[in-house]
Amino acid sequence: MDFSLSEEQTAIFDMARDFGQERIAPFARQWEKDGTIPKELWLEVGALGFGGLYVSESSGGSGLSRLDATLVFEALSMACPSVAAFLSIHNMCARMIDAFGSDDLKARVLPGVVSMETVLSYCLTEPGSGSDAAGLKTRAERTNEGYSLNGTKAFISGGSYSDAYVCMVRTGEDGPRGISTLYVEDGTPGLSFGALEEKMGWRAQPTAQVQFDDCKVPAENLVGREGDGFKYAMIGLDGGRLNIAACSLGAAQTALNATLTYMGERKAFGKSIDGFQGLQFRLADMEIELQAARTFLRQAAWKLDQGAPDATKYCAMAKKFVTEAGSKAVNQCLQLHGGYGYLADYGIEKLVRDLRVHEILEGTNEIMRVIVARHLLAAR
Ligand SMILES: Cc1cc2nc3c(=O)[nH]c(=O)nc-3n(C[C@H](O)[C@H](O)[C@H](O)COP(=O)(O)OP(=O)(O)OC[C@H]3O[C@@H](n4cnc5c(N)ncnc54)[C@H](O)[C@@H]3O)c2cc1C
């Protein structure tokens with residue numbers, strides 16, 4: 001058993017961290033105010049090979065492992081978790097197309113996806129179905145040319161901003177086996193968007209409903225086989241959960257680093273506040289929890305890379321554990337900054353707001369426990 005990163009993995013982490021510090025961190029607050037991320041950033045991200053992190057090399061991707069990808073998301077979220085998490089969603093979609101799409105679809109769309117000229121959104125949630133995703137109602141009727149879509153997707157990260165939407169829609173019976181995945185390009189007649197949602201965090205990312213009104217999608221845009229879409233969506237989420245956890249971890253590390261510096265500078269009762277043992281213990285507890293989170297996350301990623309039978313359970317466990325450890329740490333860091341932690345200039349309150357949603361999306365942390373309990377009970 002070897003817990004150290006290889007030289008190549010360390011180089012990947014360093015490259016992502018340096019890029020984030022140079023090209024994302026200085027602008028993150030402005031993008032949050034603007035409510036959008038400049039599309040030019042994605043072309044730079046694509047040029048680094050981060051637009052298809054675990055798209056196979058034969059399809060033009062970087063062919064990295066899931067463990068390698070978590071390093072990229074941990075490093076980028078040290079600059080801004082909202083930007084890093086958006087990239088995770090794009091990569092989740094890219095991999096679904098690479099793994100399950102036809103040769104024609106891959107040849108047609110993956111070059112743009114990998115270079116990030118084509119930014120992707122993942123459309124599963126609907127107004128009436130979130131955790132119970134298999135209850136989705138957006139209908140895709142067969143036509144001579146392909147499909148006609150009717151329905152609404154809710155909470156879509158990148159809604160009205162992305163260039164294409166990977167959509168889970170109902171082509172058959174009720175339940176998971178009646179769901180298929182369709183690739184819907186921006187500009188398709190019948191595709192429209194709701195107003196931008198006002199959110200607590202992740203404010204740099206546009207979030208909107210995606211609406212289909214007799215939206216005509218060609219048959220060639222079916223991803224994989226009819227009826228297998230829910231399976232693809234869930235497979236995509238295993239890796240997505242690791243990435244979201246990594247985003248919590250990187251942001252929490254940034255908050256801890258800033259807090260260590262701040263506590264050496266801030267004075268109270270005639271000494272710097274890092275001299276109070278009660279506060280030192282809080283720093284120590286954060287370090288312990290974040291290191292445990294890091295180890296657990298990398299183990300879960302390794303399980304997914306190995307195709308281990310319990311990989312889904314480990315991804316769910318890591319997502320719950322790491323996102324909660326991350327949220328707890330950034331909140332503690334805010335407290336250790338006193339009133340200054342509450343001010344935007346110190347950068348901590350944004351992290352508290354951004355990380356909160358990691359406990360809710362890609363499956364809520366309650367649903368993570370449902371998955372773990374289901375595995376435990378089945379293995380009795
Ligand atoms: C900012 C943001 C961005 C998002 N981006 C996307 C996106 O890009 N694409 C996409 O498809 N979706 C996206 N989502 C949607 C997200 O995945 C859902 O909000 C999430 O899955 C929860 O669904 P829900 O909001 O309908 O809550 P509900 O499912 O209604 O859950 C409400 C509460 O009940 C709990 N609960 C539900 N069922 C159970 C159960 N069986 N056992 C125990 N507790 C349960 C939940 O944990 C939660 O606490 C996004 C959400 C947000 C907030």
Which value, in debye to the nearest 20, describes the size of the charge dipole of the chain about its Cα centre when Lys and Arg Cβ atoms bear +1, Asp and Glu Cβ atoms bear -1, and nothing else is charged? 1120 debye
Put +1 on the Cβ of each Lys and Arg and -1 on the Cβ of each Asp and Glu in the range 242-291; which of 272, 253, 291 then has its Cα farthest toward the positive end of the dipole? 272
If amide H atoms are modeled at 1.01 Å from N in the peptide plane, then the residues at a separation of 5 or more from residue 146, or on another chain, having amide H under 5 Å from its own are 219
Taking 22 Å as R0, compute the FRET efficiency from the Cβ-Cβ separation of residue 287 and residue 261 and round it to 0.05. 0.90
Can you tell me the FRET efficiency between residue 44 and residue 380 if r is taken as the Cβ-Cβ distance and R0 is 45 Å, rounded to the nearest 0.05? 0.35
Cys residues of the chain counted as unpaired, since no other Cys beta-carbon is under 4.7 Å: 80, 93, 215, 247, 315, 333
In Å², and per residue, what accessible area does the range 312-358 have when probed at 1.4 Å with the other protein chains present? 40 Å²
Over the range 192-297, with neighbouring protein chains present, the accessible area per residue in Å² at probe 1.4 Å is 44 Å²
Please give, to one decimal in nm, the separation of the simple spin-label points placed at residue 360 and residue 4, each 7 Å out from Cα toward the Cβ. 4.3 nm
Tell me the carbon and sulfur percent of the accessible area for the chain, rounded to whole percent, probe radius 1.4 Å. 53 percent
Greater than 22 Å separation of Cα atoms is the criterion. Which listed pairs, 39/319; 39/216; 153/350; 39/328; 33/350, meet it? 39/319; 39/216; 153/350; 39/328
Restricting things to alpha carbons, find the Rg to Rh ratio for the range 120-219 using the Kirkwood radius for Rh. 0.96
What's the percent breakdown of Cα-Cα distances in the range 238-380 across 5 Å bins, shortest bin first? 2, 11, 19, 19, 16, 12, 9, 6, 4, 2, 1, 0
If amide H atoms are built 1.01 Å from N in the plane of the peptide, which residues on other chains or at least 5 residues away come under 5 Å of the amide H of residue 55? 62, 63, 64
Hey, what do the phi angles of the range 269-280 turn into as Karplus ³J(HN,Hα) couplings, whole Hz, using 6.51/-1.76/1.60 and θ = phi - 60°, x for Gly and Pro? 6, x, 8, 6, 5, 6, x, 7, 5, x, 6, 4
Summing -39500 (n - 2.57) over every DSSP H run of at least 4 residues in the chain and dividing by its residue count gives a helix-only mean residue ellipticity at 222 nm, to the nearest 500 deg cm²/dmol, of -17000 deg cm²/dmol
Give, rounded to the nearest 20 debye, the magnitude of the charge dipole that the range 28-92 has about its Cα centre when Lys and Arg contribute +1 at Cβ and Asp and Glu contribute -1 at Cβ. 140 debye
Name the shape class, rounded, prolate or oblate, that the alpha-carbon gyration tensor gives for the range 31-158, where a ≥ b ≥ c are the square roots of its eigenvalues, rounded holds for a/c under 1.5, and otherwise prolate holds if a/b is larger than b/c and oblate otherwise. oblate
Placing +1 on the Cβ of each Lys and Arg and -1 on the Cβ of each Asp and Glu in the range 80-230, which of 127, 100, 114 has its Cα farthest towards the positive end of the resulting dipole? 127
Simple SL model, points at 7 angstrom along Cα→Cβ for residue 277 and residue 226; separation in nm is 7.2 nm
For the range 28-146, with only Lys/Arg (+1) and Asp/Glu (-1) charged at the beta-carbon, what is the dipole magnitude about the Cα centre, in debye rounded to 20? 200 debye
Hey, if you put +1 on the Cβ of every Lys and Arg and -1 on every Asp and Glu Cβ in the range 185-311, which of 210, 244, 227 ends up farthest toward the positive end of that dipole? 244
Simple label model, 7 Å out from Cα along Cβ direction - residue 108 to residue 36, nm: 2.7 nm
If I take every Cα pair under 8 Å that is 6 or more residues apart in the chain, average their sequence separation and divide by the length, what percent do I get for the relative contact order? 16 percent
Specify, per residue and in Å³, the volume enclosed by the convex hull of the alpha carbon atoms belonging to the range 1-85. 96 Å³
Quick one, can you get me the convex hull of the C-alpha atoms of the chain expressed as volume per residue in Å³? 141 Å³
Added length on full extension, which subtracts the Cα-Cα distance from 0.36 nm per residue, residue 132 to residue 117: 2.1 nm
Compute the Cα gyration tensor for the range 118-161, then decide on rounded, prolate or oblate, letting a ≥ b ≥ c be the square roots of its eigenvalues: rounded whenever a/c is under 1.5, prolate when a/b is larger than b/c in the other cases, and oblate in all that remain. oblate
Using θ = phi - 60° and the Karplus curve 6.51 cos²θ - 1.76 cosθ + 1.60, what whole-Hz ³J(HN,Hα) does each residue of the range 126-139 get, with Gly and Pro shown as x? 10, x, x, 8, x, 4, 8, 4, 5, x, 4, 10, 4, 9
Beta bridges by DSSP in the chain, antiparallel share as percent, to the nearest 5: 85 percent
Quick one: helix 229-265 against the long Cα principal axis of the chain, what's the angle to the nearest 10°, folded into 0 to 90? 20 degrees
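The values are calculated or read from the model by the stated rules, or taken from the named source; none is laboratory data. Since the model is a prediction, treat every value here as computed from it, not as a measurement. Every residue, glycine among them, receives a Cβ derived from its backbone with ideal geometry; neighbour counts consider all protein chains shown. The area values use the complete protein model at the heavy-atom level, side chains included, leaving out ligands, DNA and RNA. Shrake-Rupley method; radii C 1.70, N 1.55, O 1.52, S 1.80 Å.
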